[in-house]
Amino acid sequence: MDYDVIVVGAGHAGCEAALASARLGLKTLVLTINVDKIALMPCNPSIGGLGKSQLVREIDAIGGQMAKTTNKTLIQIKILNIRKGPAVQALRAQIDKKEYEIEMKRVLENTKNLTLRQGTVDKILVKDGAAVGVGIESGLLFGGKAVIITTGTFLRGRIIIGEKDYPAGRMGEYPAINLTKNLIGLGFKINRFQTATPPRVDKRTVNFSKTEVQYGDKQPLSFSFWDEEKIYQSIECHLTYTNEKTHKIIAENIEQSPIKSGMVNTHGPRHCPSIDRKVINFPEKKRHPVFIEPEGTYTNEMYLQGLTTSMPVIIQQKIINTVEGLENARIIRPGYAVEYDYIIPSQLNFTLESKIIENLYFAGQINGTSGYEEAAAQGFIAGVNAALKIMNEQPLILTRDNSYIGVLIDDLLTKDLMEPYRMYTSRAEYRLVLRSDNADIRLSKFGNDIGLITNEQYKRVVKREKEIDRLISKLKASSLNPDRGNNIILEKMGTKPIDTPLSIYKLLKRPEVNISDVIDFTGDKRDNYDRIILKQVEIKIKYEGYINRQLSEIKKLESLEKYYLTRDLNYFKIVGLTYEAQEKLTKIKPNTLGQASRIAGISPADISILMLNLKGKLKARI
Amino acid sequence: MGIESTGTIVAIGTRPGEAAIGIVKLSGDRSIFIADKIFRSKSKKKLSGIDTYNMLYGHIIDNDGHTIDEVVVTLMKKPKSYTKEDVVEINCHGGIIATTKVMELCIESGARIADPGEFTKRAFLNGRIDLSQAEAVIDLVRSKTEQSLKIAAKNLQGNVKKEIKRLKEMILNVLVQLEASVDFIEEDLEITPYQKLTKKVREIKAEMEELISDEKKGEIIKNGVKAAIIGKTNVGKSSLLNLLSKKEKAIVTSIPGTTRDAVEEILYVEGIPLILVDTAGIRKTKSAIEKIGVDRSLKHINEAELVLLVLDGNRKFEKMDLEIIKKIERKKAICCINKVDLKQNLEMERIRKYFNEKFIIKISALKGIGIRKLENKIKALIMDNGDLNLEEKIIINSRHKNILKEVSSLLDSAEKAMKEKMSEEFPSYDLKTAYGLLGEILGETTRDDILDKIFSQFCIGK
Ligand SMILES: Cc1cc2nc3c(=O)[nH]c(=O)nc-3n(C[C@H](O)[C@H](O)[C@H](O)COP(=O)(O)OP(=O)(O)OC[C@H]3O[C@@H](n4cnc5c(N)ncnc54)[C@H](O)[C@@H]3O)c2cc1C
Ligand SMILES: Nc1nc2c(ncn2[C@@H]2O[C@H](COP(=O)(O)OP(=O)(O)O)[C@@H](O)[C@H]2O)c(=O)[nH]1
Ligand SMILES: [Mg+2]
């Protein structure tokens, strides 16, 4: 039996890819090494965080799954950066990992058009330069119109603990040994990265009285735009610190750390260094934080955020026991490092289809990223685009100026990766506009256009947008007279009294004034408005100056994104380009003039020259 | 910057056949509006009120109502113009400084400095010229850009460049703190308190202002090439200046030490504006006033791109001459042996030890001998094998100045946001933009600097 879309792997990328494609009505097959391990979280038991939360909200706004499953399985949720501005606030949820797997598997199994099947893919079937299916190690072949590779850390995966190393995709899981060779044979350039995870300990052996408790938020929240916000029952996390004893043990045994022993030579993520590296690189720091987070409700395993290491297990145990509260903690599973193949992501288009083999897509850690959210975002984009292409529809291409997903993909395609890529808010140059709170307003139109967001849902967003505009106009129109009564109210609010009439809109621009304080002045009741609308209005008015600056910056550069560069361009034949530019452009093969302009070493003059040479040949869309 | 093809652009053009800089050209939707803002015609007519291909005579007036220059303005409405956009040409008369000022006024009123070849690029993109013609443009864009970069680098004198680099680094340091506190809140990092950072921003701003005002005094980048005439007293420096500028400006006298202060003269040597400075003669002096003059002349030597050393051919070589020569060791210099009309007593072999024969020229400032040759030599030296393009140079100078001004206002905005206790991402946006702009002046890319620095400076990682 033939399929439309075959997804290889059922991690966070694979699940989003498969669900998007199946929900768009395409016959979708998911092949994965072990169907007991769907959407498994091999590292931290949480979803969201700075930059990542924006990704999850965006996936959700266009019709993806992650936020919904998160809502269903979270055991703590909070807003990070609550004291800062809206652009850098983020949601983070602690997740019951097992529940998450079960829930995601349930969703996959109950999605129409979606078939789940165990099997290790070892080759891509290619005909006339296009993928037409896959073969698995048992010898079975599956035909498909598109193939999406989301194999995470499994390609030639090699686990390292202390001086031991062995092939594995993750601890206790088979690696995928043969697929890499097949990909290289097809012409893909491959490189290797590594990542690592801390040990887990038995909750009953932790002395929590010596740690600080960390609570979740007690206000109504929701990761998904499409679920009701609610107050969640929350489980506590705990905070403790390493100390000089810890650092001494590490220093004494540093020869056995992979950073010294030479067991691992590949680049790992700078944002997740091992405790070994932290101690070596920052000797002046007397302590490092260790967050103790539950892996779930029904398990005693506790995750030790901050103690990542792949030292020998005996030393791991010693390190742990130096930490306050963990003096008697017993390891259930040790920390380890894993080294794996990824493909150089500049071999992809904005749709995540490869430039080398048509109808072959890549998403997730295989593209050199790290993190569940980054993986899910790519999986979603690959799944949607594989489906759209089969349906002969325009692709869904997100850009730096409309989303973090756009930033993520553009960075992957344009930059030289030196380490596994993680999202940060600082990577998004337009982050004041690309906020977690307005992802639905920014993006649900795309979801509705392709058919993953229902008209019903979309209408709600449009309606809300209108209400926001209406309220802003109203605040602009209503003004406050400088009479005694009003000034008393103002002073109560902690803001300066007025001596000439002032619009409520201007009043709201004062840093110390909140929207809920001023609604009454319009003659309206605060309760008439949805919390979310009030918040949007407040953000739009308070930060208007900055927001408008970014919007006009976006507009200025927008035109370049509209020029698509065809794949068959021979840059060496373009007169006037420097040799360096010719080389770089040939290597990266940018999709748009905008992307070309972001390649390091490409000057404005090069862009002008491209524009001049390609006038008439540049297309407004692929 | 540099890749958008929108907006109204401005550039200084050269009148064909004449070397002197003279035309400020505007192209784009707002050219007429901008020109009307700064131009007062004699006839009280506005450009917006006249027909295409008509001219108006009048004056360019700055914001304070001062007259900058007497001009003739020509209007070419779209689509019948070179770029197929509204084009305004302002023909200036007051020489390079006035012309530059006119361009700056256009920028203040909303125009953007054109990129190299941008007029032609627009002409091409708007369908005014065809591909074969455009190929010439491509060459132009490439060569001009490369040339601009070279000149830009050259114009940023070592210490100014260092200064900008330092300010950029200071901004980065603040940014790293702001960004770390945003993206890595849970990392137990020691972030510098907001108040301290605000103070830092204020300091950076103050230094930036200083840099800009320095630049106004002409110490960073001069429009034109600065050359200092130096030499002992009475060797004929003032006479040489007068001869070159063909005006009686410096006081010519035979009493040693009369040229107390430096006299500046802008003159065109083969179309290149040369800011010629006649310095007080260097000689051992006890008089306080003269001492100031001598100090100044040392300062002028440092600032000058070119030095004209004048020696008196009539006199013997003295220790004083040697001292002067030592002061200009690292400078581009021409050695002028003056007073060749008199008996020659100077020991030429001693001179040849310090100067290449090519740069020794015999002249008489009194009789006008050898002046033509001197002018040619000056030209060759400052053009560095002919690749100096003055138009470009002015544009780059103004571009720098604009960027510095923009940076300064961004610093203001950041400081204000921080004072109002706005969240870090707002001042950070101002500072990031400023940081990128300074990188642009220095020709450096700045993409991942902040994250890189955060990782190297802080212990990140949970
Ligand atoms: C030890 C470790 C530590 C990590 N530490 C961090 C961290 O600190 N921070 C962070 O952000 N992220 C970390 N991660 C990364 C994070 O887990 C991944 O980024 C994320 O899960 C990637 O999702 P994915 O869908 O791309 O791949 P995965 O979740 O790895 O899923 C891959 C799927 O593909 C299947 N598969 C693989 N090969 C084949 C094949 N040939 N045929 C069929 N199926 C196949 C696998 O069975 C699996 O289901 C870590 C991962 C590991 C393993
Ligand atoms: N004969 C002769 N006299 C000159 C020449 N150049 C300058 N002088 C005279 O030398 C004296 C000093 O000249 P001045 O220009 O004031 O010298 P400065 O002190 O170097 O500025 C004046 O009397 C000039 O007329 C020259 O080429 N030939
Ligand atoms: Mg004199």
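Take B:Ile361, A:Ile254, A:Ile231, A:Ile149 and order them by how many other Cβ atoms sit within 10 Å, fewest up front.
Ascending number of Cβ neighbours within 10 Å: A:Ile231, A:Ile254, B:Ile361, A:Ile149.
Tell me the Kirkwood radius of segment A:1-83: reciprocal of the mean inverse pair distance over distinct alpha-carbon atoms, in Å.
By the Kirkwood definition, the hydrodynamic radius is 14.2 Å.
I'd like the Karplus ³J(HN,Hα) series for segment A:338-345: coefficients 6.51, -1.76, 1.60, θ = phi - 60°, whole numbers in Hz, and an x wherever there's a Gly or Pro.
With coefficients 6.51, -1.76 and 1.60, one gets 10, 10, 8, 8, 9, 9, 5, x Hz.
5 Å is the cut-off here: which amide hydrogens, built 1.01 Å from N in the peptide plane, fall below it relative to A:Leu125, excluding neighbours closer than 5 in sequence?
Residues meeting the amide H criterion: A:Val132, A:Gly133, A:Val134, A:Gly135.
For segment A:355-449, which semi-axes, largest first and in whole Å, follow from the square roots of 5 times the eigenvalues of its Cα gyration tensor?
So the equivalent ellipsoid measures 21, 19, 11 Å along its semi-axes.
What number, in percent, do you get for the relative contact order of chain A if the mean sequence gap of Cα pairs under 8 Å and at least 6 apart is divided by its residue count?
Relative contact order comes out at 16 percent.
Which cross-chain or sequence-distant (5 or more) residues have an amide H under 5 Å from the amide H of A:Leu348, H modelled 1.01 Å from N in plane?
Here the answer is A:Lys355, since their amide H atoms fall under 5 Å of that of A:Leu348.
Using R₀ = 22 Å, calculate the FRET efficiency as 1/(1 + (r/R₀)^6) where r is the Cβ-Cβ separation of A:Leu140 and A:Glu358; round to 0.05.
Calculated value: 0.40.
Once you treat every alpha carbon in segment A:497-553 as an equal point and sum by Debye, what is log10 I(q)/I(0) at q = 0.14, 0.25 Å⁻¹?
These q points yield log10 I(q)/I(0) values of -0.43, -1.05.
Provide Rg and Dmax in Å for segment A:200-338, with only Cα atoms included in the calculation.
Spelled out, the Cα radius of gyration and Dmax of segment A:200-338 are 16.9, 53 Å.
Pick out the long, greasy-scoring helices in chain A: whole DSSP H runs spanning 20 Å or more along their own axis by Cα, mean Kyte-Doolittle at least 0.0.
Answer set is A:372-390.
Return one quarter of the surface area of the convex hull spanned by the alpha-carbon atoms of segment A:562-620, equal to its mean projected area, in nm².
Value for segment A:562-620: 3.4 nm².
Once you have a ≥ b ≥ c as the square roots of the Cα gyration tensor eigenvalues for the protein assembly as shown, tell me rounded if a/c is under 1.5, and otherwise prolate or oblate according to whether a/b is larger than b/c.
Verdict is prolate for the protein assembly as shown.
Among A:Ile254, A:Leu19, A:Ser234, which residue has its Cα positioned farthest towards the positive end of the charge dipole of the protein assembly as shown, with +1 placed on the Cβ of Lys and Arg, -1 on the Cβ of Asp and Glu, and the dipole taken about the Cα centre?
Value: A:Ile254.
Return the long-range amide H neighbours of A:Gly85 (sequence gap of 5 or more, or a different chain), with a cut-off of under 5 Å between placed amide H atoms.
Under 5 Å from the amide H of A:Gly85 lie the amide H atoms of B:Ser423, B:Glu424, B:Glu425, each far enough along the sequence or on another chain.
Report, to two decimal places, the Cα Rg of segment A:445-595 normalised by 2.2 N^0.38 Å (N = number of residues).
Ratio of Rg to 2.2 N^0.38 Å for segment A:445-595: 1.65.
Using a 10 Å cut-off around each Cβ, can you sort A:Arg117, A:Arg422 from fewest to most neighbouring Cβ atoms?
A:Arg117, A:Arg422
When the distances between all Cα atoms of segment A:23-157 are binned every 10 Å from zero, what whole-number percent does each bin get?
Binned Cα distances yield the sequence 11, 33, 32, 18, 6, 1.
With a ≥ b ≥ c taken as the square roots of the eigenvalues of the C-alpha gyration tensor of segment A:369-409, please select rounded if a/c is under 1.5 and otherwise prolate if a/b is larger than b/c or oblate if it is not?
oblate
Which shape class, rounded, prolate or oblate, goes with segment B:9-130 when its Cα gyration tensor gives a ≥ b ≥ c as root eigenvalues, a/c under 1.5 marks rounded, and past that a/b bigger than b/c marks prolate?
Verdict is prolate for segment B:9-130.
For chain A, compute Rg over Rh where Rg is the Cα radius of gyration and Rh is the Kirkwood radius from the inverse mean 1/r over Cα pairs.
Checking Rg against Rh, the ratio lands at 0.99.
With θ set to phi - 60°, apply the Karplus curve 6.51 cos²θ - 1.76 cosθ + 1.60 along segment A:253-264 and write out the HN-Hα couplings as whole Hz, x wherever there is a Gly or Pro.
Listing the rounded values in order: 10, 4, 4, 8, 7, x, 5, 9, 6, x, 5, 10 Hz.
Any idea what the relative contact order of segment B:9-130 is, in percent, if you count C-alpha pairs under 8 Å spaced at least 6 apart?
Once divided by the residue count of segment B:9-130, the mean separation gives 29 percent.
If the chain between A:Lys218 and A:Lys476 were fully stretched, how many nm would it gain, using 0.36 nm times the residue separation less the Cα-Cα distance?
89.5 nm
Given the rule -39500 (n - 2.57) for each run of at least 4 DSSP H residues, summed and divided by the residues of chain A, what is its mean residue ellipticity at 222 nm, to the nearest 500 deg cm²/dmol?
Taking each H run of at least 4 residues, the total per residue is -10500 deg cm²/dmol.
Only the coordinates and a few stated rules stand behind these numbers; no lab work does. Not measured: the values here are computed from a predicted model. So basically every Cβ, Gly included, is an ideal-geometry build from the backbone, and we count neighbours across all protein chains shown.
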